[in-house]
Amino acid sequence: MLVIVTAKFADGLPLYRQESQFARLGIALSRATMAGWMIRLGRESVVPLVNLLNDVCLEQAVVHCDETRLQVLSSERAPTAQHWIWVRAAGPPGRRVVLYDYEPSRGAEVPKRLFEGYAGTVVTDGLEAYARAVGHARGAARRTA
């Protein structure tokens, strides 16, 4: 499975192409089977790692956060609708934790969830959603021109 994961995520080789490669070698390995492995790997290995990184992030005295637009073509919303990637960064140099969270919303419920239980300082660009959502944390806003 490690070869399949490496080919998919490090080399950018889609599962349908890997399926074809295996078929040429006489190996019947469907992309549905490989996709199931990727899902299981995510649940069993990646999700616990991301949860651990989230805990480390929220243990830091200062967390930087910003959100940026993302176009999502396959969504219940129109292709022109805005979606968001929320980025959080914290920790000392060499041990920095950077987390990316996809959300279809830019509302206050997102930073409220992302910073649940956090008691440090959140450095943002001053988006009002942060002030409404992370009032329990010390918010340090900065404006950029």
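The values are calculated or read from the model by the stated rules, or taken from the named source; none is laboratory data. The structure displayed is predicted, hence computed values, not measured ones. As a convention, Cβ positions derive from the backbone with ideal geometry for all residues, glycine included, and neighbour counts pool all protein chains shown.
Values as computed for the structure displayed
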quantity	calculated
Unmet requirement for residue 81, which otherwise passes all of (1) within 23 Å of residue 127 (Cα to Cα); (2) in contact with a Lys or Arg (Cβ under 7 Å, 6 or more places away or on another chain)	(2)
Selection count where residues are surrounded by fewer than 15 Cβ atoms within 10 Å (Cβ to Cβ), touching a strand residue (DSSP E or B) at 6+ places or on another chain (Cβ under 8 Å) and farther than 19 Å from residue 129 by Cα, scope the range 73-109	4
Residues located in the range 36-54, provided they are charged (D, E, K, R) and either assigned by TED's automatic domain parsing to the domain that holds residue 89 or over 15 Å from the mean Cα position of the chain (by Cα) (or both)	40, 44
Condition broken by residue 46, with the remaining ones in (1) within 26 Å of residue 1 (Cα to Cα); (2) in contact with a Phe, Trp or Tyr (Cβ under 9 Å, 6 or more places away or on another chain) satisfied	(2)
All positions within the range 68-103 that are farther than 20 Å from residue 54 by Cα and either in the same structural domain as residue 50 (by TED's automatic domain parsing) or at pLDDT 90 or above (or both)	69, 83
Exclusive hit being of a type in the set (Lys, Arg) and assigned to a loop (DSSP other than H, G, I, E, B), set 43, 106	106
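Rundown of residues vs (1) more than 28 Å from residue 108 (Cβ to Cβ); (2) surrounded by fewer than 10 Cβ atoms within 10 Å (Cβ to Cβ); (3) under 19 Å from the mean Cα position of the chain (by Cα); (4) not assigned by TED's automatic domain parsing to the domain that holds residue 125, yes/no style:
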site: 9; (1), (2), (3), (4): yes, no, yes, yes
site: 12; (1), (2), (3), (4): yes, yes, yes, yes
site: 17; (1), (2), (3), (4): yes, no, no, yes
site: 26; (1), (2), (3), (4): yes, yes, no, yes
site: 33; (1), (2), (3), (4): yes, no, no, yes
site: 65; (1), (2), (3), (4): no, no, yes, no
